[in-house]
Amino acid sequence: MRPAIQRLMKGAGYGVFVAGLTLSLAACDNTIEPFPEEPDAFFSIHGVLNTNADTQFVRVTPIRQTFVLDAANPVGITVTSTATSSGERVVWQDSLITLEDGSPGHLFFAIMDVEGGVTYRLDVTREDGKTTTAETTIPNIPSPLVNQPIVVDTVIVDDTEEEVVEQQIILQGLNETPQRIAMNYRVAKSMLAPEEEIDIQYDPDNSTFGKLPVVVELTRDRRTIASRLGLAPNEKTIIFKGLELEIELWSVEWAVPTSGVNIQNGVGFFGAIGHFFPTWTLSSDVIRTVGYIPDKADD
Amino acid sequence: MLGEYGLAEGSVFDSCSFLQVAVDFFCVGSKRLHKKLAACDKILPLKLAPTSVTSARLCLMLGQFARHSLRFRLFIMMHTIRLRPWLTAALFVVSLSWTPFVTLSASAQNATLRGFVTAASDGQPLPGVNVVLRDDAGALFGASADNDGFFAISQVPAGAYTLTASFIGFTPYTEEVRLPEGEIVTRNIALEEAESELGEVVVETERETAGGAAVTAGLQTVRPSDIALIPAPDISGDLVNYLTALPGIISQGDRGGQLFIRGGEPTQNLVLLDGMLVYQPFHIVGFFSAFPSEIINAADVYAGGYGSRYGGRLSSVLDVSMRNGNKQRFAGAVSAAPFVSTARLEGPIVPGRLSLVASVRESVIEQGASQLIDEELPFTFGDAFGKLHAKLSESAQLSVSAISTHDTGRLGVDPLSDDPTAIREDEVSWHNLAIGTRFIFLPARLPIFAEILISNSQLENDLGPPGTPVRSTKAQRTSVGVNVTHYLRAMDFNWGLFLNSSTLESDLGGQFQNVETEEEFITEAGIFIEPEIRVGEDLRLQPGLRLQTFPSKGETFLEPRFRAIYTKGIHRLSAAGGLYHQEILGLNDRRDAGDVFTAWTSSPLGKVPEAWHGILGWRVSPFNWMDFSVEGFYKKMSNLFIPEWTAFPKFTTNIQQADGTAAGFDLRLEVRRSPIYALVSYGNSTVEYDAPIRALELLFGESSVQYSPPHDRRHQLSALVNYSNFGFDLSIRWQLGTGLPFNESLGFDRFILLDSLVNVVETPGDERVLYQRPYEGRLPAYHRLDISLERKFIFNRNTNMSVLAGLINAYDRRNLFYLDLFTLRRVDQLPLIPTFGLKLEFQ
């Protein structure tokens, strides 16, 4: 055997020995560290601020290192919200609740109204000062610009000509497609009958209503209302008492609700919902043209 | 002028390798080659043997063939997108046209000796036997027998020779043979077992790759005698037990039945048994597979860089040929051990011509090993194999093989149970069934070895509560193939055709939301060519090309392959590489280590997994009792499919695309000094995946992440020592592997999916594990010592009994199978298990 080969073989043998020894020493350790020594996430937050509610709720779960949910003990947890523009700070109250499945849960609540366009910061703090922070901005309140109703067509119904009336509402300052659009009508079957509220949903995904402006189909809605009241669709004895547009807007966090990008040192979901109800009036002439009878109060 | 072509005075024109001529022909065209040939002819009377003229003409013809081949390749490359099945038919015609073209030219004048080498005692083929022709002047011509025992020595000058066939353990066979000019002589050789061990006259051939360190360009051949060296819980060894001792082959542990070879996934391994596809051949307990060593003839293990004969898988090939039954007398064996019980029966149906071998194994773990360690081992498995082999004539053989396997088990703990040892109720089960026939024949007038393979393979895999699986998959493939080898003087020209029809059906139970699981019918047709060219004495080149088309998918792949082996003295350098695609693939959810459910489907999302392989190796045999080898490898993989990483691991997810690389090297040192055998190996490997992970982009602002998949074992060390003396056979194996990656956790919380107006006051939500970045943690290292001591008692000439005693995991290392992050319970691999076995053999 050539000397070079011998040297190489010797070197290889030495290398294998050293590698084996090193690996053997490393192999003695049989422990597993499934969690980081110094975690940087402390709480899981799930909650939504709602302009349509006077009490706000969030569920807070400490991030734990055991799978089994221990007895909920909210002692030592402080939750506060701060309106970042005004600096107004609210301390939330804690409540230990029993959930539908019988398990306990930490529910924090605050009696407060939230306003469109305002950013709220939620701080969840442990006794040792470790804090999870979440921020959400309530969607902006759109400013409605109400155009005059117009007759867009004339159709023959029961041998009678009927004008089709629509009204365009431009929602100024609206940046995203609403999650929900509905027309809320207040009507009565007769002058003596009680007032009823009837909601007619407009499909936000509909090509007409998914984009601005919103076109309110007054004549079509009157036929729908007649049907819901148990009247013939062409019945024109319904008393018209008023209307409003309902718009529901979701904050940006809803785009990917599992991301938790707006939560620092924690996980979960913290978002906001804005409900807005632009309202306006119709003249008696328009009400009659649509096929209603104006309420006495309007005459 | 001849010197320009390597024709020194007195040399044989054959050394003017046709490769060089062919290469010249590519470059300068036929006119110049004709001039060269004319020059050769002109000088021939003075310097060249007449037979060399034939060789020169052969060179010319091969050059023409090669040139046509090049044109054809260019055509294919230009029209790849529009290729349709008619092209396959055209290729078939073109390929057939090669047969007379190449072989007639090759057989025109020189003689060919060919045949099969078998053991006289039972008619078994003897792979690796050296067959040598020696003339009076001492010139040697040789070949070694392949796994069928077939050999061919072609382009031998006509004349008288002494034929010798030798193999360790057999009496050398010697015969005077006369090879008439232009004739093909078939000589089948039956070797008698030697009373005492005799030395073997070794003809060094590139094909011979048996032995622990004898890895050549990714190929290692495993013989039953290799497997017998490994300590095993069963008295009869198993191929998988040997494979897991090799560097570069990773198993998840001693349960699960999954092998990762040099960075590839288990479903990227092509496993063939007598040419039949076996989808999931490894049993649920990691010591066992569908290949008990008792019925194996040989197994070729390609860890990568395999030639164009193989395709349809991305990572590796395991090509197992099973034994034929004893053609002389009936023989059999029964054995019992705490893990399995085995029975084998073989014998002649028509003595000397038709034989049968049948083997049945059934696990007894729940009654055996489980009782020994007082631990629940809820696994059952078994396999049954049968093979009929008929010697139709001196030059034709027919075999029919069939295999059935079944596995059922419950892996992992139940996260919802208060009992820390409670086993999860979900059960995984799979069932393989394959049947196939193989017809091999040697045409009388052509130096050709041809085989026709027809097979049908099926797999059923279920996961869920027993009897009501929530996930299931069925895969079936019917395959027809023709493989042909033309034996020429300086080249073995291999080519083949194949036609596969697959049916795939899966119900994933919503596991992967973006994968359609309708029933699929996929047809695949193709062709391969793979000349094995000998350049001079030392160099062997094996360029290859594989064309496969999937008409129903509109996909066609052209895959170049290359293998090269250079042998000089005690050194052997080898290289291999190629392009590989996998249209039909298995989808796994590796987020759950206890889940070995595999859904078979055609490539989803319109992308076909692809890999480039590169291998470079060196092997040296400084003594005839020592081998050392080092081999480096690199795999670049793209369009892999992995579960989309999310922070919600227990939920359904999407399949997404990823790219990956695997790189590393193996070191092996083998010592064979009777009575000691030792094999030490070290494997180094790094596997990295690169995947766009939307969840991480949202969390960390990174559009993609590089991570090590859960089979990335960086270091492996294995030491095997076998000592045989005084009738005892002592085997000791120690294995060490550094820890596999796992997902670390931030902790647990209760998650409420707020994708709509959910009332957080009432909705309970679900417990959730919060994963860190994927696979950043490392499990503890794995190591284990296995010992076995075996003694054979020979009662008489026809009956013997073997007794085995051993220890599995001798120092009771707590090796982790996986950690359930929900419960933080660890599922360990098998503890110390004393094992014993008894085998009774008769013949």
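The values are calculated or read from the model by the stated rules, or taken from the named source; none is laboratory data. Computed from a predicted model, the values in this text were never measured in an experiment. Positions of Cβ are generated from backbone atoms using ideal geometry, with glycine treated the same way; all protein chains shown enter the neighbour counts.
Restricting the range B:594-627 to residues that are surrounded by fewer than 23 Cβ atoms within 10 Å (Cβ to Cβ) and within 14 Å of chain A (Cβ to nearest Cβ), the residue that is modelled with the highest pLDDT is B:Trp618.
A quick yes/no check of all residues on (1) surrounded by fewer than 21 Cβ atoms within 10 Å (Cβ to Cβ); (2) modelled with pLDDT under 90; (3) in contact with a helix residue (DSSP H, G or I) (Cβ under 7 Å, 6 or more places away or on another chain):
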| position | (1), (2), (3) |
| --- | --- |
| A:Arg228 | yes, no, no |
| A:Ile238 | no, no, yes |
| A:Leu245 | no, no, no |
| A:Val252 | yes, yes, no |
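Inside the range B:250-265, residues that are surrounded by fewer than 24 Cβ atoms within 10 Å (Cβ to Cβ) and under 12 Å from the mean Cα position of the chain (by Cα) make up a count of 0.
Every test in (1) among the aliphatic types (A, V, I, L, M); (2) in contact with a helix residue (DSSP H, G or I) (Cβ under 6 Å, 6 or more places away or on another chain); (3) more than 10 Å from chain A (Cβ to nearest Cβ) is passed by B:Leu736 save one, and that test is (3). Of everything in the range B:770-789 that is more than 13 Å from every other protein chain (Cβ to nearest Cβ) and among the hydrophobic types (A, V, I, L, M, F, W, C), the residue that is nearest to B:Val721 (Cα to Cα) is B:Ile787. Given the condition surrounded by fewer than 22 Cβ atoms within 10 Å (Cβ to Cβ), under 21 Å from the mean Cα position of the chain (by Cα) and within 27 Å of B:Ile655 (Cα to Cα), answer yes or no: does some residue in the range B:454-469 qualify? Among the residues of the range B:454-469, at least one is surrounded by fewer than 22 Cβ atoms within 10 Å (Cβ to Cβ), under 21 Å from the mean Cα position of the chain (by Cα) and within 27 Å of B:Ile655 (Cα to Cα), which makes the answer yes. Of B:Phe330, B:Phe379, B:Phe339, B:Phe385, all but one fail to be in contact (Cβ under 8 Å) with a residue 40 or more places away in the chain, surrounded by 18 or more Cβ atoms within 10 Å (Cβ to Cβ) and more than 26 Å from the chain's Cα centre (by Cα); the exception is B:Phe379. For the range B:810-838, the tally of residues that are within 32 Å of the chain's Cα centre (by Cα), part of a strand (DSSP E or B), within 14 Å of chain A (Cβ to nearest Cβ) and touching a residue at least 24 places away in the same chain (Cβ under 8 Å) stands at 5. When each of B:Asn759, B:Asn684 is tested for being surrounded by fewer than 22 Cβ atoms within 10 Å (Cβ to Cβ), facing chain A (nearest Cβ under 9 Å) and not in a strand (DSSP E or B), the lone residue that passes is B:Asn759.
Scanning the range B:479-503 for residues that are of a type in the set (Ser, Thr, Tyr) and closer than 23 Å to B:Gly142 by Cα yields B:Thr485, B:Tyr487.
Condition check for B:Thr221 on (1) surrounded by fewer than 24 Cβ atoms within 10 Å (Cβ to Cβ); (2) touching a residue at least 60 places away in the same chain (Cβ under 8 Å); (3) farther than 21 Å from B:Phe665 by Cβ: one failure, at (3). Residues satisfying the criterion are present in the range B:306-321 (criterion: within 22 Å of B:Glu362 (Cβ to Cβ) and at pLDDT 90 or above).
Inside the range A:97-154, residues that are within 14 Å of another protein chain (Cβ to nearest Cβ) and aromatic (Phe, Trp, Tyr) make up a count of 2. Inspect all residues belonging to the range A:176-186 and state whether any of them is within 14 Å of chain B (Cβ to nearest Cβ) and part of a strand (DSSP E or B). The answer is yes, given that some residue of the range A:176-186 is within 14 Å of chain B (Cβ to nearest Cβ) and part of a strand (DSSP E or B).
Which one of the conditions (1) in a helix (DSSP H, G or I); (2) more than 30 Å from A:Leu122 (Cα to Cα) does A:Glu253 fail to meet, given that it meets all the rest? Failing condition for A:Glu253: (2). Here B:Ala194 meets the list (1) under 24 Å from B:Ile676 (Cβ atoms); (2) among the hydrophobic types (A, V, I, L, M, F, W, C); (3) surrounded by fewer than 20 Cβ atoms within 10 Å (Cβ to Cβ); (4) modelled with pLDDT of 90 or more almost entirely, failing just condition (4). Evaluating B:Phe795 against the criteria (1) more than 8 Å from every other protein chain (Cβ to nearest Cβ); (2) in contact with a Pro (Cβ under 6 Å, 6 or more places away or on another chain) leaves one unmet condition, (2). How do the pairs read when you match residues in the range A:256-270 that are over 14 Å from A:Leu122 (Cα atoms) with residues anywhere that are part of a strand (DSSP E or B), using Cβ under 9 Å and keeping only pairs 6 or more apart or on different chains? Sorted first by the residue in the range A:256-270, then by its partner, the pairs are A:Pro257/A:Phe269; A:Pro257/A:Gly271; A:Thr258/A:Phe269; A:Thr258/B:Phe751; A:Ser259/A:Phe269. Every condition in (1) farther than 30 Å from B:Phe441 by Cα; (2) surrounded by fewer than 18 Cβ atoms within 10 Å (Cβ to Cβ) is met by B:Leu392 except one, and the failing one is (1). Being in a strand (DSSP E or B), more than 14 Å from every other protein chain (Cβ to nearest Cβ) and surrounded by 15 or more Cβ atoms within 10 Å (Cβ to Cβ): is that true of B:Leu804 here? Yes, satisfied.
Yes or no, residue by residue, for (1) surrounded by 19 or more Cβ atoms within 10 Å (Cβ to Cβ); (2) farther than 30 Å from A:Gln93 by Cβ:
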position	(1), (2)
B:Pro710	yes, yes
B:Ser745	yes, yes
B:Thr763	no, no
B:Gln772	no, yes
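Residues of the range B:707-721 include at least one that is in a strand (DSSP E or B), under 25 Å from B:Ile655 (Cβ atoms) and more than 7 Å from chain A (Cβ to nearest Cβ). Any residue at all in the range A:269-285 that is within 14 Å of chain B (Cβ to nearest Cβ), touching a helix residue (DSSP H, G or I) at 6+ places or on another chain (Cβ under 6 Å) and at pLDDT below 90? No, that holds for no residue. Is it the case that B:Glu767 is outside any strand (DSSP E or B) and of a type in the set (D, E, K, R)? So B:Glu767 does not fit the description; no.
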